[in-house]
Structure formats: C-alpha cells, structure tokens
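Novice: Shown below is the structure under consideration.
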Amino acid sequence: MTITPSLKAYTEQHVLPRYESYDAAHRCDHVVGVIERSLALATHYDVEPDMVYTIAAWHDLGLCYGRETHHLTSAQMLREEGALAEWFTVEQIATMAEAIEDHRASSDHTPRSIYGLIVAEADRQIIPQVVMRRTIQYGLAHYPELSHEEQWHRFVAHLHEKYDHGGYLKLYILHSDNAARLAELRALIARPDELRHQFEVLFAELTAQ
C-alpha cells in the first residue's frame, strides 16, 4: 500500500524516533513491525492506507506516561498533534484516535472500526520466541528488583493470564496467521519443563547484554 511521502517523512522524523527511549519491548522495531503487519492486513479491506499507517505509528506513543493508560494517552497525543491536519480531516483523526484507544489486548470491548481491528490484530505478534523475549524484557525493565526466580514466576503468570486458554487476548481478523501461532504458544505453555528451558536461554541472553 502506498503512503503519502510527506506523511511518511514526517512520521519517520518526528514520531518513530520517540520510541527509542522506551523499554526494549516497545522500541522502534516493535512499532515498525506493527506498521508492516497493519498494512499487510489492510490490503484485504477498503480502508485509507495513510490512516492505517498513522494509527500503527502512534499506537504505543503514550507509554512514556505509563502502561496502564497508554492507549488513552496515545490517542490524546494524536488528537493534539496539529501537524496531522495537513493530511487528515477532523473526522479521520477522531476515527484514528478511537482505533488507538481500542487496540489494547486487555480491552473490555471489541474495536469500534475496521481500523481498530487492524491495529489490534497487528499488535498481537504471537511468535512464541518474540512473545517470550518481550515478556522477559518487560520484566527486567519494569521490575528490576525481582530475583531470577521471581522473574520466572512473573513470566509464567503473564503467559497464562494473556495467552493461555481463557486468557484475555482476543483475535479479530481471519486473514492473520496469529491463530496458528497462538496454538503453538499454548502448546509450549502446556509443557512447563520446555517453557522453563526456553526462559533460561532467553534470560541468560538478555541479562548478558
């Protein structure tokens, strides 16, 4: 999908670099991945590429003010960014902000538009190794006081709470390959000895850096 060159340049100069100060699980590589997956999913729908691109680029920007409300803060930051009026109408900005508000995996409601469905699905990068790595990175960044064993228990608790059967993560788009990857991750969660081995390998790698 083609993105307006001036919008892409603005985003690459003024938005994406801000992620480099965030925790390792939410830096520029994460947001670029969400952008790529969003645009791939968007090819199946009648949507505006510039909106899909911008939603993905801004979806986690509010993390600098805290994780619990980052979806709301990110949306508000987008609403307040006057530069976006060069490319979008007031109505489009409102739709993009709603999509960002709705993207969070723990949201208690289904996204209100196809734009929200796309970014929510794209944000769920359920590659087992990536999920495990990001879970450990988050634990190390936000709970550095935890011991090695405590990090393991936090890691397991998070995987069960979010990804296991009955977890809060929801999938929305049939064109995504997330369903097959979620099944793969759940199979790994069901094998605690192998899960512990994977944790130890990744933990050693990440703490040696």
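Novice: For the chain, what does the helix formula give at 222 nm: sum of -39500 (n - 2.57) over DSSP H segments with n ≥ 4, over the residue count, nearest 500 deg cm²/dmol?
Specialist: After summing the helix terms and dividing by the residues of the chain, the value is -19000 deg cm²/dmol.
Novice: Right, here's the next one. Work out how far the C-alpha atoms of segment 41-132 reach from end to end along every principal axis, then list the three figures in whole Å, largest first.
Specialist: Here the spans come out as 40, 34, 23 Å, largest first.
Novice: What is the extension gain from Glu68 to Glu36, computed as 0.36 nm multiplied by their sequence separation minus the C-alpha to C-alpha distance, in nm to one decimal?
Specialist: 9.0 nm
Novice: Further question: Put a dot 7 Å past each Cα toward the Cβ at Arg112 and Asp46; how far apart are the dots in nm?
Specialist: 2.2
Novice: Follow-up. What is the Cα convex hull volume of segment 82-128 when expressed per residue in Å³?
Specialist: Given the Cα convex hull of segment 82-128, per-residue volume reads 93 Å³.
Novice: Follow-up. Averaged over all directions, how much area does the convex hull of the C-alpha atoms of segment 135-201 cover when projected, in nm²?
Specialist: Quarter of the Cα hull surface area: 5.1 nm².
Novice: Same structure again: On a full-extension model of 0.36 nm per residue, what is the gain between Glu149 and Leu171, subtracting their alpha-carbon distance, rounded to one decimal in nm?
Specialist: Extending this stretch completely gives an extra 4.8 nm.
Novice: Simple spin-label model, 7 Å along Cα-to-Cβ: His160 to Ile127 in nm?
Specialist: 2.8
Novice: I want to check the label-to-label distance for Ala85 and Ala187. Put each point 7 Å from Cα in the C-beta direction and report it in nm to one decimal.
Specialist: The answer from the label model is 5.4 nm.
Novice: Ignoring any ligand, DNA or RNA, what whole percent of the accessible area of the chain comes from carbon and sulfur when the probe is 1.4 angstrom?
Specialist: About 53 percent, which is the carbon plus sulfur part of the accessible surface.
Novice: How large are Rg and Dmax for segment 6-95 when only the alpha carbon atoms are used, in Å?
Specialist: For segment 6-95, the Cα radius of gyration and maximum Cα-Cα distance read 12.7, 35 Å.
Novice: With Kirkwood's inverse mean 1/r over C-alpha pairs for Rh, give me the Rg to Rh ratio of segment 7-54, two decimals please.
Specialist: Over the Cα atoms of segment 7-54, Rg/Rh equals 1.02.
Novice: Let me ask something else. Determine the per residue accessible area of segment 1-80 with all protein chains present and a 1.4 angstrom probe, expressed in square angstrom.
Specialist: 46
Novice: Ok, one more. What is the Cα convex hull volume of segment 55-209 when expressed per residue in Å³?
Specialist: 125
Novice: Right, next: Accessible area of His44, 1.4 Å probe, to the nearest 10 Å²?
Specialist: 100
The values are calculated or read from the model by the stated rules, or taken from the named source; none is laboratory data. Values in this document were obtained by computation on a predicted structure and should not be read as measured data. Neighbour counts are summed over all protein chains in view; Cβ atoms, including those assigned to glycine, are modelled from backbone coordinates with ideal geometry. Accessible surface is based on the protein model in full, side chains and every heavy atom, while ligands, DNA and RNA are left aside. Shrake-Rupley method; radii C 1.70, N 1.55, O 1.52, S 1.80 Å.
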